[in-house]
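The values are calculated or read from the model by the stated rules, or taken from the named source; none is laboratory data. Being a predicted model, the structure only gives us computed values, none of them experimental. Heads up, the Cβs are rebuilt from the backbone with ideal geometry, glycines too, and the neighbour counts pull from every protein chain shown. When the accessible area is computed, the model is the full protein with side chains, heavy atoms only, and any ligands, DNA or RNA have been set aside. Shrake-Rupley method; radii C 1.70, N 1.55, O 1.52, S 1.80 Å.
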There are 2 protein chains.
Amino acid sequence: MQLPHNVTIKEVGPRDGLQNEKEMIPTEDKIEWINHLSKTGLSYIEISSFVHPKWIPQLGDALEVAKGIKRNPEVTYATLVPNLKGLERALEADVDEVSIFMSASESHNKKNINKSIDETFPVLQEVVEGAKAENKSVRGYISTVFGCPYDGQVPIENVQKVCDQLFSMGIDELSIGDTIGVANPLQVQHVLETLSKDFPKDQLALHFHNTRGTALANVLTSLQLGFTTFDSALGGLGGCPYAKGASGNLATDDLLYMLKEMNIKTGINQDKLMQAGAFIQKKMDKPLPSHHMQIAYRGGDVT
Amino acid sequence: MQLPHNVTIKEVGPRDGLQNEKEMIPTEDKIEWINHLSKTGLSYIEISSFVHPKWIPQLGDALEVAKGIKRNPEVTYATLVPNLKGLERALEADVDEVSIFMSASESHNKKNINKSIDETFPVLQEVVEGAKAENKSVRGYISTVFGCPYDGQVPIENVQKVCDQLFSMGIDELSIGDTIGVANPLQVQHVLETLSKDFPKDQLALHFHNTRGTALANVLTSLQLGFTTFDSALGGLGGCPYAKGASGNLATDDLLYMLKEMNIKTGINQDKLMQAGAFIQKKMDKPLPSHHMQIAYRGGDVT
């Protein structure tokens, strides 16, 4: 089995995790949690979103969080940004990187962004230009690559078109999202082999959700194809908006376990990561859904 | 990706699932559940265990269950059997196959069977001979292949020795168990490549637990190596005795999803399987832990 020696895990829990939890976590707890995460060896943390609080009230304190955390110079801190207004606030917050996002499927893009796919491109183009002018790197997210909750299967040509447009804008990395957790390894192989013909592998990240339990199998396939960047949320924080209470993001702790056991280096300290998990679990006041947090919660051995 | 076209799923929920649940399910409910399972397209169901009820009171009604179910001639019905006394009862129950079991690690074998590994062989030998004399097929289980809760890592030579002894007795199939759910894909590859040098691939089954979330990734690796028989328990029934409440058996419904999506045939009807899951979930009076049962429980789309 051909596997990479090193993998980068991008922690999206403070954003993609918390935005899907109904509990409102106090700003100071978010700050303390991100400070914990900053000491685990993680090199990348997406700390919040500048989407209007009307849509995501859980992250309405993005500016306070960004200003309140203690920055570790080894860590890249990023926020989601939907438009120029969001970019202004992200620049005020002085994050290292901004993330733009859209879907590969029309219906999801419309529901999520309230624009057609073609209407979305110029809005994001402005954000990328504005961010680049301020020397910020830009990450793109493409959602519903492996399936859409409204449109079902998404033709690979639609995915390619959006990827092409986003890379043409000058983004530094693109995160390929299985938004509703339907992907299977064979499909992952097909999609990644197709995309890596046109786009550089080292600028593509994978963002799997574990809704149907297949996320780590999909990671394995990606690793075997030479992909080395994965998004995940500590504790599997954040559910699935299409089946409340079901698993959401691939859990950082479960991902780390599998990588570590296969001798793949991430730079992350498992003990410190589990401590950061225990911290937010206590603040959430409920057991987090990941396998490792469940074992730890019950006094089992996570190693 | 090289994948097999067909896979056999062996349903162990009525045995390995229920023996690890503290709830006592009434005999008539077990019978009704197995009758449901018999109509899903499953070709193999392990219905109970003739281990002494002192050790596993949850399965103390094995004989009543075996006599009470409506046999589908397309299904092989099996029970666990620890010794000649157990075999007698299994023969009285007229099951199609009996399963013998032991561990690859001394400490787990001792705790589980109260005998050393070397003391266990002659006991199992008698069972195999007795079963063969009555024209019953025999399945072996080898536990703790990928790690032991007491001894930690288990040398592959110890695994090979037990496999060799069990096959020498004349068993028809051997199920390779990750009893505590610690296996990772790289280790699975190493173990399976080593074992398939000495033993026929089509007589080896894989029995993964999903305690750390890696079961489907381990299945994927096994599939890529050409293994085609997997044990699982509907709904992920049965926890982990070493971390109460943590995930246990790989869930049949989650396994079926991944296989189906990769166009691998199992003969199992997903709708009927989910209905059989809903039945036992209702009897257990709690949501079952598998991803698909969780989604179904919350009204989401499992396909």
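May I ask for log10 I(q)/I(0) of the range A:234-293 at q = 0.27 Å⁻¹, from a Debye sum over the Cα atoms as equal point scatterers with solvent left out? For the range A:234-293, the Cα-only Debye profile gives -1.10.
Give me the base-10 log of I(q)/I(0) for the protein assembly as shown at each q in 0.08 Å⁻¹, Debye formula, one uniform scatterer per Cα, rounded to two decimals. Debye output, listed in q order: -0.56. Annotation: peptides A:223-229, A:286-292, B:194-200, ranked by per-residue average of other Cβ atoms within 10 Å with the highest first, follow the order A:286-292, A:223-229, B:194-200. Over the range B:8-297, what portion of Cα pair distances is larger than 30 Å, expressed as a whole percent? Value for the range B:8-297: 23 percent of Cα pairs lie more than 30 Å apart.
Between chains A and B, what is the buried accessible area summed over both chains (1.4 Å probe, protein heavy atoms, nearest 100 Å²)?
Adding both sides of the contact gives about 2900 Å².
Short-range pairs are left out: with C-alpha atoms under 8 Å and at least six residues apart, the relative contact order of the range A:98-235 is 22 percent. Charged side chains reduced to their Cβ positions (Lys and Arg at +1, Asp and Glu at -1) give the range A:8-297 a dipole of some 500 debye around its Cα centre.
Let me check I have the definition right: for the range A:74-137, take the eigenvalues of the Cα gyration tensor, multiply each by 5, take square roots. What are those semi-axes in whole Å, largest first?
Values: eigenvalues 106, 28, 17 Å².
In descending order, the three semi-axes are 23, 12, 9 Å.
For peptide B:200-211, the mean count of partner chain Cβ atoms within 10 Å of a residue's Cβ comes to 1. For B:Arg71, the point set 7 Å out from Cα toward Cβ sits 7.4 nm from its twins in the other copies, listed from shortest up.
Within straight-line reach of B:Lys286, meaning a Cα separation under 19 Å, sit the following lysines at least 8 residues removed in sequence or on another chain: A:Lys244, A:Lys286, B:Lys22, B:Lys30, B:Lys244.
Taking the Cα centre of the protein assembly as shown as origin, sum charge times position over the Cβ atoms of Lys and Arg (+1) and Asp and Glu (-1), and report the length of that vector in debye to the nearest 20.
For the protein assembly as shown, the charge dipole is close to 800 debye.
Shown for the range B:101-209 is the translational diffusion coefficient from the Stokes-Einstein equation, using the Kirkwood radius over Cα pairs, a temperature of 37 °C and a viscosity of 0.692 mPa s: 235 µm²/s. Just round it to a whole percent: the fraction of Cα-Cα distances in the range B:162-251 exceeding 20 Å. Considering the range B:162-251, 34 percent of its Cα-Cα pairs are separated by more than 20 Å. Remark: relative contact order (the range B:8-297) = 19 percent; criterion is Cα-Cα distance under 8 angstrom and separation of 6 or more residues. Counting from the shortest, the label point at B:His52, 7 Å from Cα toward Cβ, is 7.2 nm from the same position in each remaining copy. Summed over qualifying helices (DSSP H, 4 residues or more, each -39500 (n - 2.57)) and divided by its residue number, chain A shows a 222 nm mean residue ellipticity of -12000 deg cm²/dmol. Rg and Dmax over the alpha-carbon atoms of the range A:23-175 stand at 15.8, 44 Å. Which residue, A:Met274, A:Met102, A:Met262, has the most motion in a Gaussian network model of chain A that connects Cα atoms within less than 10 Å? In the Gaussian network model the winner is A:Met262.
If the segment from B:Asp301 to B:Lys67 were pulled out straight at 0.36 nm per residue, it would be longer than the present Cα-Cα gap by 80.6 nm. Think of the axis that spins chain A onto B; the A residue whose C-beta lies nearest it, and the distance in whole Å, is A:Ala217, 2. Determine the share of the range A:30-158's accessible area contributed by carbon and sulfur atoms, expressed in whole percent, with a 1.4 angstrom probe. Carbon and sulfur together cover 47 percent of it. Here the gap between B:Glu134 and B:Asp164, fully extended at 0.36 nm per residue and compared with their Cα-Cα distance, gives a gain of 8.5 nm.
Between copies, B:Lys201 shows label-point distances of 2.5 nm, shortest first, with the point placed 7 angstrom from Cα along Cα to C-beta.
Mind telling me which of B:Asp285, B:Asp29, B:Asp16 comes out most flexible in a GNM of chain B, alpha-carbon contacts under 10 Å? Per the Cα network of chain B with a 10 Å cutoff, B:Asp285 tops the list. Each of A:Ser49, A:Gly140, A:Gln125 was placed along the dipole of the range A:8-297 (beta-carbon charges, centred on the mean Cα), and the one lying farthest toward the positive end is A:Ser49. Excluding ligands, DNA and RNA, the accessible surface per residue across the range B:8-297 is 37 Å² with a 1.4 Å probe. Of the chymotrypsin sites (Phe, Trp or Tyr not before Pro) in the range B:40-88, the ones in a loop by DSSP (not H, G, I, E or B) with at most 16 other beta carbons within 10 Å are B:Trp55.
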